[in-house]
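Notes for the one structure printed next.
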Amino acid sequence: MVRQIKLALLRTLKTAGVFEIVANTKWRTQRLLILCYHGIALEDEHLWRPQLYMPPTTFEQRLKALRATRSSVLLLGEALDRLQANDLPPRAVAVTFDDGTFDFYKQAFPLLQRYQIPATVYQTTYYSDHEIPVFNLICSYMLWKRRGETLPPVPDLGLSNALDLRTEAGRHRVVRGLIDLSERQQLSGIQKNRLAQDLARVLKIDYQALTNKRILQLMNAREVAEIARAGIDLQLHTHRHRTPEEETSFRREIVDNRQRIYSFTGKSPAHFCYPSGVYRKEFFPWLATEGVLSATTCDAGLVGRQDNPLLLPRFVDTSRRTQAEFESWLSGIGSLIAVNKLSPQRYVPVE
């Protein structure tokens, strides 16, 4: 009910011209909107995880709106520099993608080129060296494919209880069991891929077909190099998509990630995105030591000059967002009326 009231309010405000009024204010011109995307579905990923994936038709609608609203779309680094110089153009926006999955190359990249929209990709790199699906994601996706079923235990896979696939919670317990097994046995990425293949056999899913489609895979080195040559900005997202809570391991993630991106692009990245939006205040000096200039979260908001550069908010756009919600954030209204701006992935309060 609350959401329906909010959507009705947005429609009323847009019809009354309030979106346009706020978009033209000095307040909005002094703030940067950083958009966050994760994936553009190759097939049905947006039905599996609508909070992460959207169909390409929806993404194209977003790009059309950026043009129709006369938003000034800048690359992230330039946008942040101009923010600090108090030199932002009207309705400033930066478009970012987390993870750097193959669907970005296949689906998003051509649309960005068509509409001449610059974008930044926060590229995690471990799976860029291996054309195999990301383990926990492909396991979750395959279990979702068999949603509604209950299967007998599979002790060989560390699953001693029945596989109840009827609910998201039940499927998550299965994935957690597989992750626990891989951690106990200290499996490599290749070994975890074999475990995923074993799960596919249990589920009677053609794993090779999924692999051939590149579903839930990262861009490889050739693809990353190609989009970089075309003007896509590649930045840091850790090598293994994790944020260890111990300094040496954390900084190693940054170093390894930077080295791999440099080997792909010939450029050394200096902007960072917290994997899954997870951050702790202890990370800040470690990032600074590694020469990181900015870090984005999944907390919602527009970025102002006084914001902590290592805690920059974004608007996470998903399949669940309506076009009116999206346009409300382009104007600034969305930020003004947002109630809960903190991402549920946050580790601890930062004070």
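The values are calculated or read from the model by the stated rules, or taken from the named source; none is laboratory data. Since the model is a prediction, treat every value here as computed from it, not as a measurement. Cβ sites come from the backbone with ideal geometry, for glycine too, and all protein chains shown count toward neighbours.
What's the number of the only condition in (1) closer than 27 Å to Val175 by Cα; (2) surrounded by 16 or more Cβ atoms within 10 Å (Cβ to Cβ); (3) in contact (Cβ under 8 Å) with a residue 40 or more places away in the chain that Glu253 fails to meet?
Tallying (1) closer than 27 Å to Val175 by Cα; (2) surrounded by 16 or more Cβ atoms within 10 Å (Cβ to Cβ); (3) in contact (Cβ under 8 Å) with a residue 40 or more places away in the chain, Glu253 fails exactly one: (3).
Does Leu75 satisfy being assigned by TED's automatic domain parsing to the domain that holds Val175 and in contact with a strand residue (DSSP E or B) (Cβ under 7 Å, 6 or more places away or on another chain)?
Details: assigned by TED's automatic domain parsing to the domain that holds Val175: no; in contact with a strand residue (DSSP E or B) (Cβ under 7 Å, 6 or more places away or on another chain): yes.
No: the conditions fail for Leu75.
Give the number of residues within region 8-19 that are assigned to a helix (DSSP H, G or I) and loosely packed, with under 14 Cβ neighbours inside 10 Å. Before the answer, list the steps.
At the first step, the residues of region 8-19 found to be assigned to a helix (DSSP H, G or I) are 8-15, 18-19.
Cutting the leftovers down to loosely packed, with under 14 Cβ neighbours inside 10 Å gives us 8, 11-12, 15.
Of the residues in that region, 4 qualify.
Among the numbered criteria (1) of a type outside the set (Gly, Ala, Ser); (2) touching a Lys or Arg at 6+ places or on another chain (Cβ under 9 Å); (3) crowded, with 17+ Cβ neighbours inside 10 Å, which one does Thr238 miss?
Single failed check for Thr238: (2).
Suppose we keep only residues that are in contact (Cβ under 8 Å) with a residue 24 or more places away in the chain and not in a helix (DSSP H, G or I) within region 72-88. Which one would you say is farthest from Tyr122 (Cα to Cα)? So that I can check it myself, show each step before the final result.
First, pick out the residues of region 72-88 that are in contact (Cβ under 8 Å) with a residue 24 or more places away in the chain: 73-77, 79-80, 83-84, 86, 88.
Filter once more, keeping what is not in a helix (DSSP H, G or I): 73-75, 86, 88.
Working: Val73: 17, Leu74: 16, Leu75: 12, Asn86: 25, Leu88: 23 Å.
For region 72-88, the residue satisfying everything is Asn86.
Among the residues of region 40-71, count how many are surrounded by 16 or more Cβ atoms within 10 Å (Cβ to Cβ) and not in a helix (DSSP H, G or I).
Number of matching residues: 10.
Starting from region 30-55, keep only residues that are more than 17 Å from Pro133 (Cα to Cα) and at pLDDT 95 or above, then list their pairs with residues that are basic (Lys, Arg) and assigned to a helix (DSSP H, G or I) whose Cβ atoms are within a distance under 9 Å, requiring at least 6 positions of separation or different chains.
Leu32/Arg82; Leu35/Arg62; Tyr37/Arg62; Met54/Arg62
Residues that are without any contact (Cβ under 8 Å) to a residue 12 or more places away in the chain, at least 3 per element: which helices (runs of 4 or more DSSP H) completely within region 103-192 meet that? Before the answer, list the steps.
Values: elements: 109-115, 135-145, 168-184.
Of the helices (runs of 4 or more DSSP H) lying wholly inside region 103-192, those with at least 3 residues that are without any contact (Cβ under 8 Å) to a residue 12 or more places away in the chain span 168-184.
Can we say Ser343 is surrounded by fewer than 15 Cβ atoms within 10 Å (Cβ to Cβ) and either part of a loop (DSSP other than H, G, I, E, B) or touching a residue at least 24 places away in the same chain (Cβ under 8 Å) (or both)?
Numbers: surrounded by fewer than 15 Cβ atoms within 10 Å (Cβ to Cβ): no; either part of a loop (DSSP other than H, G, I, E, B) or touching a residue at least 24 places away in the same chain (Cβ under 8 Å) (or both): yes.
No.
Condition test on Ile205, is it crowded, with 16+ Cβ neighbours inside 10 Å and within 18 Å of the chain's Cα centre (by Cα)?
Numbers: crowded, with 16+ Cβ neighbours inside 10 Å: yes; within 18 Å of the chain's Cα centre (by Cα): no.
When the stated conditions are applied, Ile205 does not pass them.
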